[in-house]
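The values are calculated or read from the model by the stated rules, or taken from the named source; none is laboratory data. What you see is a predicted model, and the numbers here were worked out from it, not measured in a lab. A quick note on method: Cβ atoms are made from the backbone with ideal geometry, for glycine too, and the neighbour counts reach across all protein chains shown.
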Amino acid sequence: MNYSIVSGSSDDVTSVCALARQCLPEAWSERNLRSSLAAGFDLLLTKQNDTLLGYLLSSDVLDEIHIMQLVVAPQHRRRGIASSLLQTLVSNSTDMNSLQLEVRASNIAARRFYHKAGFVVCGRRKNYYAASSSQTAEDAILMQRLLRIHNHKR
């Protein structure tokens, strides 16, 4: 499959939000995404021609990168797109110490993906995801991947 990974901008907000609404129960509004990009969040896009296949939204906090959303269109999953987005993020982050994220406890496929990508469980947030009319509140599993190992000299 031929696709490219490029940096996203406010010009991409409409298509990113459309994909998010297709895939995420807690999709952000266009206004929230625009505000986040203006505040310095990073957006990576996977495109084939002009079609958005997936995206990764992240935020740097000191020496950590927080992955806010990693989304791939359902019809393009299991083709290495999420792995390529994650690898691009890591390659562009040589001065950062770790990647952090939260994932729904029930999202077994995502948890397996992150585990295979080198993430480990480092905590749990009770009732992190708000209840909707069709479900109860859900816990978030906190996961981390170290990018650099510190050698402390005494």
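Overview of results
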{"read-out": "All positions within segment 2-27 that are without any contact (Cβ under 8 Å) to a residue 40 or more places away in the chain and within 24 Å of Q135 (Cα to Cα)", "value": "C17, A18, R21, A27"}
{"read-out": "Qualifying residue in segment 138-154 (condition: surrounded by fewer than 18 Cβ atoms within 10 Å (Cβ to Cβ) and closer than 22 Å to A27 by Cβ)", "value": "yes"}
{"read-out": "Residues satisfying the stated conditions in segment 124-152, i.e. closer than 26 Å to S91 by Cα and modelled with pLDDT of 75 or more", "value": "I141, L142, M143, Q144, R145, L146, L147, R148"}
{"read-out": "Flag for S98 being modelled with pLDDT of 90 or more and of a type in the set (S, T, N, Q)", "value": "yes"}
{"read-out": "So D95, is it touching a residue at least 12 places away in the same chain (Cβ under 8 Å), touching a strand residue (DSSP E or B) at 6+ places or on another chain (Cβ under 8 Å) and either loosely packed, with under 15 Cβ neighbours inside 10 Å or of a type in the set (K, R) (or both)", "value": "no"}
{"read-out": "Elements of type strands (runs of 3 or more DSSP E) in segment 1-69, at least 2 residues being surrounded by 14 or more Cβ atoms within 10 Å (Cβ to Cβ) and under 13 Å from the mean Cα position of the chain (by Cα)", "value": "42-48, 51-61"}
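A quick yes/no check of all residues on (1) in a helix (DSSP H, G or I); (2) of a type in the set (S, T, N, Q):
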position: S93; (1), (2): no, yes
position: L99; (1), (2): no, no
position: V103; (1), (2): no, no
position: S106; (1), (2): no, yes
position: A110; (1), (2): yes, no
position: H115; (1), (2): yes, no
position: C122; (1), (2): no, no
position: R125; (1), (2): no, no
position: Y128; (1), (2): no, no
